[in-house]
Amino acid sequence: MKHLWAILRFMWHDQRNALLRGAALTAVVLAMGAALLGLSGWFITAAAAAGLAGVGATFDVFRPSAMVRFLALGRAAARYGERLLTHDATLRALESLRLRVLAAHLAAPHGKMLQIRGAQALNRLTADIDALDGVPLRLALPVLAGAAVLLIAGLVLWALVGPVLALWITGGYALGALAVAWATAQRMVPLSRRAERAAQAFRGRLIDLIRGRGDLAVHGHLATQRGAVEAAEERRLSLRTALHRAERRAGFLLSVAGTLVAAGALAIGLMAAQAGTLEPALAALAFFTALALAEVVAPLRRGLSDFGRMADAARRVGRDIAAPELVPGATRRAMGDLVARGLSLLRPGGGVLMQGFSLTLRPGQTIALTGPSGVGKSTLLLALAGLHPITEGQIDLGGSPLTDWPEKGLRDALTLLPQRSALMVGSVADALNLAGPASEAEHWAALRAVRLDTVIADKGGLAALLGPRGAGLSGGEGRRLALARAILRRPRFLLLDEPTEGLDDATARAVLAGIRDFLPDAGILIAAHRPAEVEFADRVVTLK
Amino acid sequence: MELLAPGKAGARRAAGVSVVSGLVWIAQAAIVAQALGSLLGQGAVNALGAAAGFAVLGVLRAALVHAAETRAQDAADTVIGQARSAIVAAEARRSDDNTFGGAGAIAALAGEKLELLGPYLTRYALARARVGVLPLVILALAFWQSWAVGLILLVAGPLIPVFMALIGLAAKEASARQMAEIGTLNDFLVERLSTLVDIRLLGAGEAVTSGFAAQAGDLRARTMAVLRVAFLSSTVLELFAAIGVAMVAVYVGFSLLGALSFGTWGAPLSPAAGIFLLLLAPEFFQPLRDLAAAWHDKAAADAVLDELAAHAADQGQTLPGQGARVAPLPGPASVALEGCCLPSGRPIRDIAIQPGERVALVGPSGAGKTSVLRLMAGLTLPERGEVRVAGQPLSMDNADAWRARLGWMPQAPHFLSGSLRANLTLGREGDLPRALHAAAVDKVADALPRGLNTRLGETGGGLSGGEARRMTLARAILSAPDLILADEPTADLDPATAALVTEGLLAEAARGATLVIATHDPALAARMDRVIDLGAAK
């Protein structure tokens, strides 16, 4: 609930005017609907009374019938405007939400960045954001507009038919809706959360079954895994059934509340008319208005049915947008060396990785880090790039501690090419432009440095399009494009994690030489796993 | 559509109840019209009786709606549940990958996409049933009371199928395009989120967020253009309904005033009849509006049914056995291929491996090393020829028992979401500390934050590539297998780690296990007793 509020506040803050206008139009639509039916009922009853009394000729038919036509057509038009406005506002709010999620993740710690990279986490995040479109459309706007219309209807009815009917009708709907909402929402939240968890378990277990099919079959575990998938499905099914039951019950109760309010209005109106304290036509007006106001509380059912799902999604998305946004800082030139002193690091999951490690990298120098897999080469590079926390010791860049560097200045001074570098959909030029603005000539120079110029020229030049995750390039070509992107930054310090993976020996040596020619003054630190990389370095540091 | 068959009977009953609930409103309208009519006619009105009758019928109607929804939901649950079970069963029965798509796509189909059949079977199907009956009944009642009102509805009536068709077309296209747009926006976000580290390291955070904002804004503008069409078409429907109701109201009003004297069968329209008609007129259009509102449920369900058919179309190869745990097959730990061929149809040279032998399978990529290992593991049966295991032909019936004797080291390990311990044991008994020690990963496991209880994610969370490979070795040797099948156990490993894995495998052979290793690594092949080159002619 708290998280739902946070999301609502975020959307409200983002789209206050559009949402306010949307709420106002929603209220206009509901009010016109109620007025239309109430007026029609009054008109016909009053006309019948006039006809029976033989005064039909003097009855003013034109104003009421014009009013009926105006309300009928106006309501349809207002509804069109309301839908456009609320959907536009909601789409805008969701757009801001996505942007905020992206920005928050860009500033997240490295471990979290890796976590979000899994397909399941991404799927879930996007599904969560999509689920939140109901927060304004099915929750906030209908409730806000509904409350306003009940208030207005109450005042108008008070003036026309007196306090008893006004209070009975509006009070009945307000209390009925509140009671149903209270009773249902309470049940929905835990049920939805458990159903969502069961759905995730089903999804994860089915994916495990499909991806690990061969392994599971050989180890005689496939039948058990299938049983686990089916168990999750059974759990989900029973929880979904409970959710649907709660939703149907809410619909039933809302419908009963509407019937009782209308029946009560009918009884009160008829008795008052018989007693002579109320005109029959006004009694009809009260009854018909009571019928029409059912439209005000009806949308509550959809909102309640999605309430648990939305609250659950808001809880997760809210955590993501709570993080501070990326703060741009001033550029600063790094003049001195990159120095690590007495460094201690923990593994990404915990446990000591290395202790008391020291290293000095000078501009123009090339150092290769070697050591068996898992010894911490990649983690050390991440720490030097400010993406992995250090438990002891210090890293200085250009004489000041890494932690004092503003993000932008740090990235300008130092570039890390991680082990698994990713490419996006777009042209080769788009991929290179991620490194910042550069001329075409510079792009070609960088591609030449990594021996990719002829490959790209054959594919159609810088405008050649890449598919998702760099599809269209081989593994080695993608790696070299990521390398070209990194050297285009022209950093003072270049950290490379297994830069020539997927390249044959001759190409690997040529690429490394090309990088050195492109960046003659940069300090280069390589997490090396093959002879070509080790032999390229001026100095080798072995981690144990 | 046979996919919907399991819920058919339930859906039909639900439709019937839904229609009856619509008919109850006619009785409610009659009570109200009678009461208000008597009030005007100075007749005696039993106010409480009328209100009670209205309330009882209203509660009955709500209960009928509830019952119809319950039945429809039950029918939907049956359909969805059976389709889901069919997907799970098909995936657990086959041994190759479905051409329909990857694990994520299949899980999305079996998960959230199947749920889209729910609204179709509940909302759309019920609305369609009401459309078939209620407008006709109301039309008949209208003609009975006043031919003029009947005529108004009759004229508005035929226009509605025309508009329904138009709206259906527009709404279907609109929802399809809108779904595609939303999909694209999510793809944009997913791409950027999976490139977070690179974006950050390249200092491109601001550029990427502003680029994303521009693309998202562009997409929103296009989505709104599509929505405008969809909303316009439903507005036209509402407008027609509103005009129809307003015309009925105006006609009834003028008739009651005595200004109009045509349109009835003789006697002038009574106040009760007028009010009755006014209450019925909106209900004439309501089922059509419900149907229009549920139209995109049908479009979404049609798309899901197409995908289900596509998934079921690829039957694939059947996995021999159940993949269940059974007693091991008795006999020598020998395996032989006689007259088998690759999936491409190319023959495989005959191979006979004796108990305790150490054999390397070599050959260029595509020579069939992995296929041979899969045949030996009983993951597929040969289309031609025979695989003999422990001295007997491998069959559907003995595949599980044969596999109970195997150790299996695949090329790309997939870790299940669960603890490291669960991933290593996979429910089997065995000496875990010994296996971890033999695979030289006992220290790695100890260093994990929660040791063997650490949960692994889809990417092997927290383990490096070499560590993950050695964990697979530990898993393979856990149950002291009689025969170990390993696919490229040292590929992509640094020399030190490769040596650890090699020693681990040789230690198993020293224990007496038969070893069959597919490899490109000449150093590893040289340590075996025999090298079989699958690329060479027989």
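The values are calculated or read from the model by the stated rules, or taken from the named source; none is laboratory data. Since this is a predicted model, take the numbers as computed values, not measurements. Note that we place each Cβ from the backbone using ideal geometry, even for glycine, and neighbour counts take in every protein chain shown.
Before moving on, here are some points about what is shown:
- The residue that is nearest to the chain's Cα centre (by Cα), among those in segment B:393-448 that are among the aliphatic types (A, V, I, L, M), within 9 Å of chain A (Cβ to nearest Cβ) and part of a loop (DSSP other than H, G, I, E, B), is B:LEU416.
- Verdict on B:ALA486 being more than 9 Å from chain A (Cβ to nearest Cβ), in a strand (DSSP E or B), at pLDDT 90 or above and closer than 24 Å to B:THR370 by Cβ: yes
- Out of A:MET32, A:MET67, one residue alone is more than 10 Å from chain B (Cβ to nearest Cβ), under 21 Å from A:LEU293 (Cα atoms), in contact with a Leu (Cβ under 8 Å, 6 or more places away or on another chain) and surrounded by fewer than 17 Cβ atoms within 10 Å (Cβ to Cβ). It is A:MET67.
- For segment A:120-142, the criterion of being facing chain B (nearest Cβ under 8 Å) and not in a helix (DSSP H, G or I) is met by none of the residues.
- Scanning segment A:220-250 for residues that are within 7 Å of another protein chain (Cβ to nearest Cβ) and basic (Lys, Arg) turns up A:ARG226, A:ARG248.
- Criterion: of a type outside the set (Phe, Trp, Tyr) and closer than 30 Å to B:ARG374 by Cα - qualifying residue of A:ALA185, A:ALA223, A:ALA177: A:ALA223
- If you go through segment A:50-64 and pick out every residue that is of a type outside the set (A, V, I, L, M, F, W, C), within 55 Å of the chain's Cα centre (by Cα) and loosely packed, with under 10 Cβ neighbours inside 10 Å, you end up with 1.
- Those residues of segment A:266-285 which are of a type in the set (Gly, Ala, Ser) and farther than 18 Å from B:ALA52 by Cβ, in sequence order: A:ALA275, A:GLY276, A:ALA281, A:ALA284
- Helices (runs of 4 or more DSSP H) lying entirely in segment B:84-194 (those with 3 or more residues that are at pLDDT 75 or above and more than 14 Å from chain A (Cβ to nearest Cβ)): B:125-145, B:147-193
- Within segment A:45-62, the set of residues being modelled with pLDDT under 90 and closer than 21 Å to B:ALA242 by Cα comprises A:VAL61, A:PHE62.
- The selection criterion, being buried (at least 20 other Cβ atoms within 10 Å of the Cβ) and more than 7 Å from every other protein chain (Cβ to nearest Cβ), does not hold for A:ALA217.
- Scan segment B:494-504 for residues that are within 19 Å of B:HIS437 (Cα to Cα) and touching a helix residue (DSSP H, G or I) at 6+ places or on another chain (Cβ under 8 Å) and the total you get is 6.
- Taking (1) under 30 Å from B:THR122 (Cβ atoms); (2) touching a Pro at 6+ places or on another chain (Cβ under 7 Å); (3) facing chain B (nearest Cβ under 10 Å); (4) of a type outside the set (Phe, Trp, Tyr) in turn, A:GLY303 satisfies each apart from (3).
- Applying the condition of being small (Gly, Ala, Ser) and either more than 27 Å from A:TRP444 (Cβ to Cβ) or in a loop (DSSP other than H, G, I, E, B) (or both) to segment A:399-430 and asking which residue is farthest from the other protein chains (Cβ to nearest Cβ) yields A:GLY399.
- If the condition is being at the interface with chain A (Cβ under 8 Å from one of its Cβ atoms), touching a residue at least 12 places away in the same chain (Cβ under 8 Å) and either farther than 12 Å from B:ALA11 by Cα or more than 53 Å from the chain's Cα centre (by Cα) (or both), then segment B:63-80 contributes only B:VAL65.
The rows are residues; the columns are (1) in a helix (DSSP H, G or I); (2) modelled with pLDDT of 85 or more; (3) under 24 Å from A:GLU196 (Cα atoms); (4) within 7 Å of another protein chain (Cβ to nearest Cβ).
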residue	(1), (2), (3), (4)
A:TYR80	yes, yes, no, yes
A:LEU84	yes, yes, no, yes
A:HIS87	yes, yes, no, yes
A:LEU94	yes, yes, yes, no
A:LEU97	yes, yes, yes, no
A:HIS105	yes, no, yes, yes
A:ALA108	no, no, no, no
A:MET113	yes, no, yes, yes
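- Among (1) out of contact with any Phe, Trp or Tyr (no Cβ under 8 Å at 6 or more places or on another chain); (2) modelled with pLDDT under 85; (3) surrounded by fewer than 17 Cβ atoms within 10 Å (Cβ to Cβ), the one test that B:GLY258 misses: (3)
Yes/no per residue for (1) surrounded by 24 or more Cβ atoms within 10 Å (Cβ to Cβ); (2) closer than 30 Å to A:HIS388 by Cβ; (3) touching a Ser or Thr at 6+ places or on another chain (Cβ under 8 Å):
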{"position": "B:GLU467", "(1), (2), (3)": "no, yes, yes"}
{"position": "B:ALA476", "(1), (2), (3)": "yes, no, no"}
{"position": "B:LEU483", "(1), (2), (3)": "yes, no, yes"}
{"position": "B:PRO495", "(1), (2), (3)": "no, yes, no"}
{"position": "B:GLU503", "(1), (2), (3)": "no, no, no"}
{"position": "B:ALA518", "(1), (2), (3)": "yes, no, yes"}
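- Selection status of A:ALA250, part of a helix (DSSP H, G or I) and either farther than 30 Å from B:LEU196 by Cα or modelled with pLDDT of 95 or more (or both): yes
- Reported count of residues in segment B:261-281, each being more than 8 Å from chain A (Cβ to nearest Cβ) and surrounded by 17 or more Cβ atoms within 10 Å (Cβ to Cβ), is 11.
- Pairs, first within 19 Å of B:ALA148 (Cβ to Cβ) in segment B:235-252, second in a helix (DSSP H, G or I) and of a type in the set (S, T, N, Q), C-beta under 7 Å, six or more apart: B:ALA249/A:SER40; B:VAL250/A:SER65
- Where strands (runs of 3 or more DSSP E) fall wholly inside segment A:434-544, the ranges with 1 or more residues that are under 16 Å from A:LEU417 (Cα atoms) and of a type outside the set (A, V, I, L, M) are A:493-497, A:523-527.
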